[in-house]
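The values are calculated or read from the model by the stated rules, or taken from the named source; none is laboratory data. Just so it is clear, the structure is predicted and the values come from calculations on it, not from any experiment. With ideal geometry, Cβ positions are generated from the backbone for all residues, glycine too; neighbour counts draw on all protein chains shown.
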Amino acid sequence: MTGLRPSTSYGALVLNATYEPLCVVSVRRAAVLVLAAKAIQVSDGDGFLHSARRVLPTPCVVRLTRYVRIPYRATIGMTRRAIFARDRWSCAYCTGPAETIDHVLPRSRGGPHVWENVVAACARCNHRKGDRTPAEMGWRLRTSPVAPTGAAWRVLGHRTPDPRWSSWLGVDPEPTDPLSLGEATA
Ligand SMILES: [Zn+2]
């Protein structure tokens, strides 16, 4: 398998035998699954992969031949990166590039560290707001922060989906993460 080179930055979407989206792996890993007959290629990406014996269209979506049981966590881990991704890397107050995490109701005033009380914010807004609430500042949140849910978040986390996965993930094909390197290969 030495000549397998990925031609896309997205990787490949892996579906369970039931067509439920499972995870994203490198195109090389997806090709190995297909060559080992552990997965069937559902849709092709751009270009071809060359193995010692055969040429394979770059996998874009593959489906496992056998069902695997995956225990899912009920809630999405509230990492800094996940919060930025949910808020599309922009400040909840001024829409500028976000650099910090702000507690809407400040922690010093009993605000909990939960999805519903954290937003991405730029350093300037965060500093100006300090220990006050948006209402006290005369600011409005663009959207009410909520915990992300659904197959797309479970599978993708902060990744930018390949637009060709959208029908499997039930998500908008538009990219949500301007900082990621989601350039498509020609
Ligand atoms: Zn701001």
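Please verify whether ILE101 is under 18 Å from the mean Cα position of the chain (by Cα) and either modelled with pLDDT of 95 or more or within 15 Å of the ligand (Cβ to nearest atom) (or both), treating the condition exactly as stated.
On the way: under 18 Å from the mean Cα position of the chain (by Cα): no; either modelled with pLDDT of 95 or more or within 15 Å of the ligand (Cβ to nearest atom) (or both): yes.
When the stated conditions are applied, ILE101 does not pass them.
Search the stretch 28-59 for residues being part of a strand (DSSP E or B) and hydroxyl-bearing (Ser, Thr, Tyr), and hand back the single one that is surrounded by the most Cβ atoms within 10 Å (Cβ to Cβ). Give the steps one after another, and end with the answer.
Start the filter on the stretch 28-59 by keeping residues that are part of a strand (DSSP E or B), which leaves 39-50, 55-59.
Subsequent filtering for residues that are hydroxyl-bearing (Ser, Thr, Tyr) retains 43, 58.
On the way: SER43: 17, THR58: 22.
Among residues in the stretch 28-59 that are part of a strand (DSSP E or B) and hydroxyl-bearing (Ser, Thr, Tyr), the one surrounded by the most Cβ atoms within 10 Å (Cβ to Cβ) is THR58.
I want to confirm something. Restricting to the stretch 120-166 and keeping residues that are β-branched (Val, Ile, Thr) and under 17 Å from the mean Cα position of the chain (by Cα), which single residue is nearest to LEU13 (Cα to Cα)?
Residues of the stretch 120-166 β-branched (Val, Ile, Thr): 133, 143, 146, 149, 155, 160.
Next cut, under 17 Å from the mean Cα position of the chain (by Cα) only: 146, 149, 155, 160.
On the way: VAL146: 26, THR149: 18, VAL155: 9, THR160: 12 Å.
Once the filter is applied, the top-ranked residue is VAL155.
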Of the conditions (1) closer than 30 Å to VAL25 by Cα; (2) within 16 Å of the ligand (Cβ to nearest atom), PRO59 clears all except one; give me its number.
(2)
Please give the number of the condition VAL118 fails out of (1) surrounded by 12 or more Cβ atoms within 10 Å (Cβ to Cβ); (2) within 14 Å of the ligand (Cβ to nearest atom).
(2)
What single numbered condition from (1) modelled with pLDDT of 90 or more; (2) within 27 Å of ARG164 (Cα to Cα); (3) loosely packed, with under 15 Cβ neighbours inside 10 Å fails to hold for ILE70?
(1)
Looking for something among the β-branched types (Val, Ile, Thr) and either within 13 Å of the ligand (Cβ to nearest atom) or at pLDDT 95 or above (or both) - is there at least one such residue anywhere in the stretch 75-94?
no
Working only within the stretch 137-172, note down all residues that are over 18 Å from TRP89 (Cα atoms) and within 16 Å of the ligand (Cβ to nearest atom).
MET137, GLY138, TRP139
